[in-house]
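The block underneath contains the structure these notes are about, expressed in structure tokens.
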Amino acid sequence: MLHLRKSAERGQADHGWLKARHSFSFGQYHDPRFMGYGPLRVINEDRIAPGAGFATHSHKDMEILTFILEGALEHKDSQGGAGIIRPGEVQRMSAGTGIAHSEFNASKTEPVHLLQIWMLPERAGLPPGYEQKAFAPHSGSWRLLGAPDGRDGAVTIHQDIDLYTVRLGSGESTNFSARQGRKLWVQITRGSGLLHGLEVAAGDGAAIEQEAMVRISTSTAPNAGIEALLFDMRS
């Protein structure tokens, strides 16, 4: 069973300096049909203007991943941490008992384009903290970005979620074998192609259950290509 969530159907917000699309209910956007999926609570696609960003604000009891598509995001937190996240890097913030942080476009001239993903933690009251890792470019097969045990160099997610990414070029395809009883969410981050034979493009998402295999493919056009994230999680 696959339910496709097309990019244009998502919620949206335009604050001038921030243009956002919401896969699930968030802020002023509320749709009771899309309150989350499994432990996934938020998938926001944000575009932040040069030099702009989120002033210091607080979070509690949430696992938050930041995935940069273009540009760079600078962050500071109440525990003294600071840094810049760039394409090819994933940052995990465990808000836990409480953390305050700020996030700003690191460039004064170029926008930053990112996904911010919120997940319910395995339990409340975890110690707050950050983790950031760079992942070498890859193509053709699934690459693990996050997992509960941090295996294979992934960031550690305090929830029963494995997060993968894949990038395919022209005429390529790949399958993902799903474990019985798991929920899957696929988010297309770049390009276009086919997901289970359905046309998908950047910004589209899909909830998948009771499927043994997930297949993604591209056309044979010279410039064809696709990149996707896949969340493999508990029901």
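Read-outs throughout are calculated quantities, based only on the coordinates presented, and are distinct from any laboratory measurement. On a predicted model such as this, the values are computed, not experimentally measured, just so you know. Note that each Cβ is placed from the backbone with ideal geometry, even for glycine, and that neighbours are counted across all protein chains shown.
In this simple spin-label approximation, ARG234 and LEU194 carry label points 7 Å from Cα along the Cα→Cβ vector, and these lie 3.6 nm apart. Here the relative contact order of the stretch 2-233, from alpha carbon pairs under 8 Å that lie six or more residues apart, stands at 19 percent. Once R0 is set to 41 Å, what does the formula 1/(1 + (r/R0)^6) return for the Cβ-Cβ distance between MET213 and THR97, expressed as a FRET efficiency to the nearest 0.05? Efficiency, from the Cβ-Cβ distance: 0.55. Charged neighbours of THR174, selected by a Cβ distance under 13 Å, balance to +1 (K, R count +1; D, E count -1).
The three principal axes of the C-alpha atoms in the chain carry coordinate ranges of 46, 40, 37 Å, sorted with the longest axis first. Between ALA221 and HIS3, the modelled label-to-label distance comes to 3.0 nm, taking each label 7 Å out from Cα in the direction of the beta carbon.
Which order do the peptides 36-44, 125-133 come out in when sorted by mean C-beta neighbours inside 10 angstrom, highest first? Spell out each step's value before the answer.
Values: 36-44: 20.6, 125-133: 15.4.
My ranking of the peptides, most packed first, is 36-44, 125-133.
Take GLN28, project a point 7 Å from its Cα along the Cβ direction, then tell me which residues of the stretch 51-70 have their backbone nitrogen under 13 Å from it. Within reach of a label on GLN28, which here means backbone N under 13 Å from a point 7 Å along Cα→Cβ, the stretch 51-70 contributes nothing.
GLU122: net charge of surrounding residues, Cβ under 11 Å, Lys/Arg +1, Asp/Glu -1, itself excluded?
Working: positive: ARG123, ARG234; negative: ASP61, GLU63, ASP160.
Computed value for this residue: -1.
For each pair in LYS19/LYS133; LYS6/LYS183; LYS19/LYS183; LYS60/LYS108; LYS6/LYS133; LYS19/LYS76, compute the distance between the two Cα atoms and list the pairs where it is over 24 Å. Correct reply: LYS19/LYS133; LYS19/LYS183; LYS60/LYS108; LYS6/LYS133.
Net charge in the neighbourhood of GLY11 (other residues with Cβ under 13 Å of its Cβ; Lys, Arg +1, Asp, Glu -1) is +1.
Placing +1 on the Cβ of every Lys and Arg and -1 on the Cβ of every Asp and Glu, with no other charges, gives the stretch 2-233 a dipole of roughly 100 debye about its Cα centre.
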